[in-house]
Amino acid sequence: MPILARPPATGKRTRPAPPRAHPHAGREGGAGPVSGPFGTARGVAYEDGGMEGMEEMSGASGAGRGGAGGAGACPPGIVRALAGHTTVTLAYADQDGPQACAVLYAAGRAADGAPALYFVTAASTRHGRALAEPGARVAFTVQRDGQEWSGLTGIQGRGTCRTLHGAERDAGWRTYTACFPFVTEDERLRAALERTALWELRPDWLRLIDNAQGFGHKEEWRG
């Protein structure tokens, strides 16, 4: 290991160097790009050493830094964060082990007023088959690429998914196409997606991380 020589004394006090950015800051997850019907999205892995790590380093807790909410209305900050993004990375497990995929979603509310995410994916895909299993659970993250560490924000969540039919599908489809109006403007794309399963993701736990409100700031909701 090279030995660094001590610099000669100059009589002047020097300002310490600024802390180095966390190695995960602004870096993309190892899964790489995921292509969907509307383009390419990338997932960001925050759970390991990212957003979770910030809470441990800062000592932030739900009660002290934004509140660990229980059952009831979803906090407005979480609702705004869900509505402000359109890509969710789903993590699930099947007989072949754990897997993750990114899909485009539209944020909305279920019939009972609880937050819900609507996405389109074929039931024949690996994640479609896994999510359709009785009792299947899903974990997910929502975030934007290219963020600065000091303003890092994103959502972590857990819940269940189901396909929609009849009037429920019509309502979910309106939410989806309101978010992505170009779907209805392209006849071929509209026809293809209308033949594809429309899913509702119902979170039962959500956590917002928002460094812009303070390092490690978080808000939680449980359905």
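Restricting 172, 157 to residues that are out of contact with any Ser or Thr (no Cβ under 7 Å at 6 or more places or on another chain) and assigned to a strand (DSSP E or B) narrows the list to 157. Selection of region 151-160 for residues being over 18 Å from residue 222 (Cβ atoms) and either at pLDDT 80 or above or open to solvent by less than 20 Å² (accessible area, probe 1.4 Å) (or both) yields 152, 153, 154.
Residues that are in contact (Cβ under 8 Å) with a residue 60 or more places away in the chain and assigned to a helix (DSSP H, G or I) were ranked within region 188-209; the one that is nearest to residue 167 (Cα to Cα) is 193. Taking the conditions (1) in contact with a Phe, Trp or Tyr (Cβ under 8 Å, 6 or more places away or on another chain); (2) crowded, with 18+ Cβ neighbours inside 10 Å in turn, residue 98 satisfies each one other than (2).
Of all the listed residues (171, 139), the sole one being closer than 27 Å to residue 218 by Cβ and open to solvent by less than 60 Å² (accessible area, probe 1.4 Å) is 139. If I filter region 210-221 for residues that are part of a strand (DSSP E or B) and closer than 28 Å to residue 97 by Cβ, do I get at least one hit? For region 210-221, residues part of a strand (DSSP E or B) and closer than 28 Å to residue 97 by Cβ: absent. Just one residue in the set 114, 171 is out of contact with any helix residue (DSSP H, G or I) (no Cβ under 7 Å at 6 or more places or on another chain), closer than 12 Å to residue 200 by Cα and at pLDDT below 95; that residue is 114. When you check residue 148 against the structure, is it of a type in the set (D, E, K, R), farther than 24 Å from residue 99 by Cβ and open to solvent by 40 Å² or more (accessible area, probe 1.4 Å), yes or no? Spelling it out, residue 148 is indeed of a type in the set (D, E, K, R), farther than 24 Å from residue 99 by Cβ and open to solvent by 40 Å² or more (accessible area, probe 1.4 Å).
Which of the residues spanning region 185-199 are open to solvent by 20 Å² or more (accessible area, probe 1.4 Å) and either of a type in the set (D, E, K, R) or within 27 Å of residue 112 (Cα to Cα) (or both)? Hits for region 185-199 are 185, 186, 187, 188, 190, 194, 195, 196, 197.
Tell me, please, whether a residue that is at pLDDT below 95, open to solvent by less than 70 Å² (accessible area, probe 1.4 Å), over 17 Å from residue 83 (Cα atoms) and more than 17 Å from the chain's Cα centre (by Cα) can be found in region 200-215. First the steps, then the outcome.
Restricting attention to region 200-215, the residues satisfying the condition of being at pLDDT below 95 are 208-215.
Okay, now just the ones that are also open to solvent by less than 70 Å² (accessible area, probe 1.4 Å), so 208-211, 214.
Subset that is over 17 Å from residue 83 (Cα atoms): 211, 214.
Narrowing further to those that are more than 17 Å from the chain's Cα centre (by Cα): 214.
Checked region 200-215: at least one residue is at pLDDT below 95, open to solvent by less than 70 Å² (accessible area, probe 1.4 Å), over 17 Å from residue 83 (Cα atoms) and more than 17 Å from the chain's Cα centre (by Cα).
Just wondering, is there one or more residues in region 105-112 that are open to solvent by 50 Å² or more (accessible area, probe 1.4 Å) and either more than 26 Å from residue 134 (Cβ to Cβ) or in contact with a strand residue (DSSP E or B) (Cβ under 9 Å, 6 or more places away or on another chain) (or both)? Taking every residue of region 105-112 in turn, at least one turns out to be open to solvent by 50 Å² or more (accessible area, probe 1.4 Å) and either more than 26 Å from residue 134 (Cβ to Cβ) or in contact with a strand residue (DSSP E or B) (Cβ under 9 Å, 6 or more places away or on another chain) (or both).
Looking across region 115-135 at every residue that is small (Gly, Ala, Ser) and buried (at least 16 other Cβ atoms within 10 Å of the Cβ), the one that is farthest from residue 196 (Cα to Cα) is identified as 116.
The values are calculated or read from the model by the stated rules, or taken from the named source; none is laboratory data. Everything numeric here is computed off the predicted structure, so don't read it as measured data. We place every Cβ from the backbone using ideal geometry, glycine too, and count neighbours over all the protein chains shown. For the accessible areas, the whole protein counts, side chains as well, though only heavy atoms, and no ligand, DNA or RNA atoms are used. Shrake-Rupley method; radii C 1.70, N 1.55, O 1.52, S 1.80 Å.
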